[in-house]
Amino acid sequence: GIQVEQSPPDLILQEGANSTLRCNFSDSVNNLQWFHQNPWGQLINLFYIPSGTKQNGRLSATTVATERYSLLYISSSQTTDSGVYFCAVVIQGAQKLVFGQGTRLTINP
Amino acid sequence: KAGVTQTPRYLIKTRGQQVTLSCSPISGHRSVSWYQQTPGQGLQFLFEYFSETQRNKGNFPGRFSGRQFSNSRSEMNVSTLELGDSALYLCASSLPGEWDEQFFGPGTRLTVL
């Protein structure tokens, strides 16, 4: 099956820093989503981005489908950005999300 | 618009018991999927329902089952609970297309003693 790899697994930064999270996938995808898991476990939708670039405030994402990777950028990090970030993909013919292992982001004040 | 709701939020059971979890999708969403999250295995797909029919199933034993009702609400059942079933169970809803964006509920945290 498709493999989804996220890097780095852990990232520790100071408040105000910028960060880049990467998601590599091993096959063509028809859907790619980025999520932030809050401390209570809920997955919060950040981006639905099978291709192209999107921006939402301090967050932006780019997916290069032909090269099978996606990047999530967080600028001017705040302590509330801490948590685990997941990317997940859907391949053709499968109505399911396949998740990466996540990147744990810690923003220190 | 109300989000995906899951009940109960927390559950403690003992080995051998069975449990039923409930999920109500976003209004207008007819596809419901279930995922299990554990520290060791991460987030794994359990099954997906649309129009009361299971369209896709993950690699889990038959003790895990689900169903969907005509109002799109879904339940999942785990019988003969094992310690390894302790996990966060997440439900997601979406429009029926296989590539539509999925939205998750707050989850049910199950502890098996």
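The residues of region A:17-59 that are over 21 Å from residue A:3 (Cβ atoms) and in a loop (DSSP other than H, G, I, E, B), listed by number, are A:17, A:18, A:38, A:39, A:40, A:41, A:42, A:57, A:58.
Scanning region B:81-111 for residues being open to solvent by less than 10 Å² (accessible area, probe 1.4 Å) and away from chain A (no Cβ under 11 Å) gives a total of 4. Here residue B:30 meets the list (1) under 24 Å from residue A:90 (Cβ atoms); (2) within 14 Å of the chain's Cα centre (by Cα) almost entirely, failing just condition (2).
Is at least one residue of region A:70-88 within 14 Å of chain B (Cβ to nearest Cβ) and in a helix (DSSP H, G or I)? No, region A:70-88 contains no residue that is within 14 Å of chain B (Cβ to nearest Cβ) and in a helix (DSSP H, G or I).
Only a single item in (1) more than 12 Å from the chain's Cα centre (by Cα); (2) modelled with pLDDT of 95 or more; (3) more than 25 Å from residue A:102 (Cα to Cα) is not met by residue B:51, and it is number (2). Is it the case that some residue within region B:69-80 is within 14 Å of chain A (Cβ to nearest Cβ) and either touching a Pro at 6+ places or on another chain (Cβ under 6 Å) or among the β-branched types (Val, Ile, Thr) (or both)? Within region B:69-80 (the criterion being within 14 Å of chain A (Cβ to nearest Cβ) and either touching a Pro at 6+ places or on another chain (Cβ under 6 Å) or among the β-branched types (Val, Ile, Thr) (or both)), the answer is no, since none of the residues qualifies. When residue B:5 is tested against (1) more than 10 Å from every other protein chain (Cβ to nearest Cβ); (2) more than 21 Å from residue A:41 (Cβ to Cβ); (3) surrounded by 14 or more Cβ atoms within 10 Å (Cβ to Cβ), only condition (2) is not met.
Applying a threshold of 9 Å to beta carbon distances and a minimum spacing of six or more residues, or different chains, the list of pairs starting in region B:39-56 at a residue that is more than 8 Å from chain A (Cβ to nearest Cβ) and in contact (Cβ under 8 Å) with a residue 24 or more places away in the chain and ending at one that is part of a strand (DSSP E or B) and open to solvent by 60 Å² or more (accessible area, probe 1.4 Å) reads B:46/B:57; B:47/B:54; B:47/B:55; B:47/B:57; B:49/B:55; B:49/B:67.
The values are calculated or read from the model by the stated rules, or taken from the named source; none is laboratory data. No experiment lies behind these values; they were computed from the predicted model shown. No Cβ is skipped: glycine too gets one built from the backbone with ideal geometry, and neighbour counts run over all protein chains shown. Surface areas here come from the heavy atoms of the whole protein model, side chains and all, with no ligands, DNA or RNA. Shrake-Rupley method; radii C 1.70, N 1.55, O 1.52, S 1.80 Å.
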